[in-house]
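Report on one structure; see the data block that follows.
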Amino acid sequence: MRIKQIDLLQAFKFTTPGILFYLVLDMFFKSFGFSASAVILLFLVAAASTFWITGYQYLPVILGVLLAMGSVCFLLTIGQGVLQGYFIIFASALFVVAMIGLYRFFTPKEERPKEEKARFLDTGFNLNQSIVLFSLFFLSSGIYGIYTITNIRPWQMTLIMFTGIYLSSYYLIRINFLKSQELELHLDYYKNRSFNFYSFLLALIMVELVWVMIFLPINPLTFGAIILAIFFSYWSIVRSYLRNELSRRKFLVAILFAAIATSVMLLSSKLYIN
């Protein structure tokens with residue numbers, strides 16, 4: 001009976017932020033002047049939920065803000081209709097998954113189930129990584145879609161992309177370092193503490209790519225998918241490097257994946273989001 005009570009409490013703990021996220025995002029959608037107050041409220045819900053679920057830690061707030069920012073941008077791009085309602089449900093479900101991932105990753109080692117300490121950490125890391133990638137796709141697709149249908153300037157779009165990519169990279173490198181510390185991996189301290197350097201480097205590289213892609217006749221989904229493929233490849237290389245696992249083969253595989261994925265998406269970019 002006690003186990004069932006604990007399960008119900010945990011389910012309530014994870015789903016309540018998701019319900020709040022849904023209600024605010026739905027309110028934002030239905031206002032379709034897209035009120036600034038609803039956006040601010042969504043960011044506050046996302047930040048407060050991630051702060052609370054992790055025992056009042058500041059780092060996870062980045063994940064909540066990224067998902068909220070990506071959801072708003074993507075929703076602005078796809079306009080009004082049935083598709084928007086489905087996306088709001090999907091984004092809210094992702095937020096619940098984010099809560100589970102944050103809880104698993106940031107739960108102190110001594111408070112995890114004895115036989116599941118490693119699995120808790122690994123599952124939490126993978127869920128965090130997946131939510132970051134989803135958020136970056138939503139953000140990049142959404143902001144490019146906004147750029148194509150509004151009067152925002154290229155430098156404004158580029159600045160937003162730079163911020164999103166920097167935060168995504170910074171968050172992933174930080175949690176990679178935390179995971180390495182807990183597993184007591186003997187990694188180079190300097191490399192794993194250079195969070196800002198690697199994040200800035202990726203953001204700078206990606207901004208150059210974004211600037212080139214602005215002048216290509218591609219749709220927002222293709223834009224977002226290309227950004228995601230290249231970001232994932234870069235992150236695979238950096239993660240292997242930080243763990244002292246980078247080899248020529250892994251480097252070439254990551255580069256080849258980015259090149260093939262980008263080529264395929266450019267050649268098949270016939271579907272338009274609006």
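What follows draws every value from the coordinates through simple rules; no lab data is involved. On a predicted model such as this, the values are computed, not experimentally measured, just so you know. Using ideal geometry, Cβ is built from the backbone for each residue, glycine included, and neighbour counts are taken over all protein chains shown.
With no solvent and one point per C-alpha, what does the Debye sum give as log10 I(q)/I(0) for the chain at q = 0.16 Å⁻¹? Each listed q corresponds, in turn, to -1.30. Scoring 150-162, 89-101 by mean Cβ neighbours within 10 Å over their residues and listing the highest first yields 89-101, 150-162.
For region 2-267, lysine pairs separated by 8 or more sequence positions, or belonging to different chains, with Cα-Cα distances below 28 Å total 18. Once a ≥ b ≥ c are taken as the square roots of the eigenvalues of the Cα gyration tensor of region 80-180, is the result rounded (a/c under 1.5), prolate (a/b larger than b/c) or oblate (a/b not larger than b/c)? Since a/c reaches 1.5 but b/c is at least a/b, the shape of region 80-180 is classed as oblate. Residue order for GLU110, GLU182, GLU208, fewest other beta carbons within 10 angstrom first, comes to GLU110, GLU208, GLU182. Taking chymotrypsin sites (Phe, Trp or Tyr not before Pro) across region 199-274, the ones in a DSSP loop with at most 10 further Cβ atoms lying within 10 angstrom of their Cβ are PHE215. For TYR241 and ILE214, a Förster radius of 30 Å and the Cβ-Cβ distance give a FRET efficiency of 0.50, rounded to the nearest 0.05.
Among LEU246, LEU252, a tally of other beta-carbon atoms within 10 Å of each Cβ gives an order, fewest to most, of LEU252, LEU246. Computed about its Cα centre, the charge dipole of the chain is approximately 320 debye, with only Lys, Arg, Asp and Glu carrying charge at their Cβ. Estimated from helical segments only, the mean residue ellipticity of the chain at 222 nm is -28000 deg cm²/dmol, where each DSSP H run of four or more residues counts as -39500 (n - 2.57).
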